[in-house]
């Protein structure tokens with residue numbers, strides 16, 4: 001009896017300090033892959049309707065537009081605007097498409113309607129070789145300069161702030177608290193910054209083992225999902241910084257659960273799209289809860 005009571009107390013004690021197991025799980029299944037019609041695709045984003053997937057098709061100097069479900073290529077944007085090695089695509093809260101036009105040292109802004117895009121503006125100055133862009137609003141936009149090692153914030157098309165000391169920074173996205181995650185790629189780390197670009201948290205070394213993190217997105221329950229290019233894997237991190245899971249075995253590959261130098265991530269509900277860049281394709285996964 002004493003042993004039974006002791007075991008029961010131990011179980012209760014463990015339950016009191018162990019978080020809900022469902023909060024520490026991230027299981028996925030492979031759904032589909034695009035045809036090999038892309039060339040070194042980088043970041044991806046979804047239209048507000050969820051019907052179209054926009055892909056920075058770097059090798060073709062364009063933004064490819066895919067059907068989000070079937071991954072069929074429907075058209076392209078930017079071919080007449082002399083895009084050069086575009087890396088990042090982001091649809092802002094204003095519904096516009098922001099493209100990091102890396103080779104031209106600028107961000108190009110488009111009004112979009114399905115597979116059609118009309119250039120309506122651009123941002124330049126204060127950065128070189130931009131590889132990340134995030135529009136917090138129509139009047140406040142963050143740009144990472146991979147060539148200049150900085151992140152610049154624009155307000156009303158004017159530079160309003162800057163953080164230096166990064167190395168080849170890539171993607172920048174906001175978390176649910178209004179802070180910003182920056183993929184500090186050449187430093188093999190993820191950096192959380194405040195709205196005014198002050199460092200709040202750094203994820204590096206063990207257990208993350210980042211090697212060139214590139215682009216990322218967040219799930220509706222606050223998990224950070226990072227494409228870690230040079231480990232050929234996807235890393236999922238909880239809001240408190242715990243590494244929950246890794247998708248991919250760390251080796252170049254092609255097929256369910258395998259990647260070669262992945263770059264882009266976009267999440268909508270339980271659907272997840274990755275740019276499997278080294279395999280010149282987009283893959284769609286489904287989160288299994």
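The values are calculated or read from the model by the stated rules, or taken from the named source; none is laboratory data. Because the structure is predicted, anything quoted here is derived from the model rather than measured. Neighbour counts are summed over all protein chains in view; Cβ atoms, including those assigned to glycine, are modelled from backbone coordinates with ideal geometry.
Worth pointing out:
- Hits in region 252-269 (condition: assigned to a loop (DSSP other than H, G, I, E, B) and surrounded by fewer than 19 Cβ atoms within 10 Å (Cβ to Cβ)): 253, 254, 256, 257, 260, 269
- Residue within region 148-162 that is in contact with a helix residue (DSSP H, G or I) (Cβ under 9 Å, 6 or more places away or on another chain) and in a strand (DSSP E or B) present: no
Matching residues to (1) out of contact with any strand residue (DSSP E or B) (no Cβ under 6 Å at 6 or more places or on another chain); (2) within 28 Å of residue 288 (Cβ to Cβ); (3) in a strand (DSSP E or B); (4) in contact (Cβ under 8 Å) with a residue 40 or more places away in the chain:
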| residue | (1), (2), (3), (4) |
| --- | --- |
| 29 | no, yes, yes, yes |
| 79 | no, no, no, no |
| 89 | no, yes, yes, yes |
| 111 | no, no, yes, no |
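- Odd one out for residue 167 among (1) part of a strand (DSSP E or B); (2) in contact with a helix residue (DSSP H, G or I) (Cβ under 8 Å, 6 or more places away or on another chain): (1)
- Take the conditions (1) farther than 20 Å from residue 105 by Cβ; (2) part of a loop (DSSP other than H, G, I, E, B); residue 227 misses just one of them, which is (2).
- Residue match in region 39-58 (condition: in contact with a strand residue (DSSP E or B) (Cβ under 9 Å, 6 or more places away or on another chain), on the phi > 0 side of the Ramachandran plot and surrounded by 14 or more Cβ atoms within 10 Å (Cβ to Cβ)): yes
- Within region 236-248, residues that are within 18 Å of residue 274 (Cβ to Cβ) have Cβ atoms under 8 Å from residues that are modelled with pLDDT under 95 and in a loop (DSSP other than H, G, I, E, B) in these pairs: 236/26; 244/25; 244/26; 245/25; 245/26; 247/257; 248/257, counting only partners at least 6 apart in sequence or on another chain.
- Verdict on residue 197 being more than 14 Å from the chain's Cα centre (by Cα) and assigned to a loop (DSSP other than H, G, I, E, B): yes
- Look at region 258-278: where a residue is more than 11 Å from residue 232 (Cα to Cα) and a partner is at pLDDT 95 or above and assigned to a helix (DSSP H, G or I), sitting 6+ places away or on another chain with Cβ atoms under 8 Å, you get 264/277.
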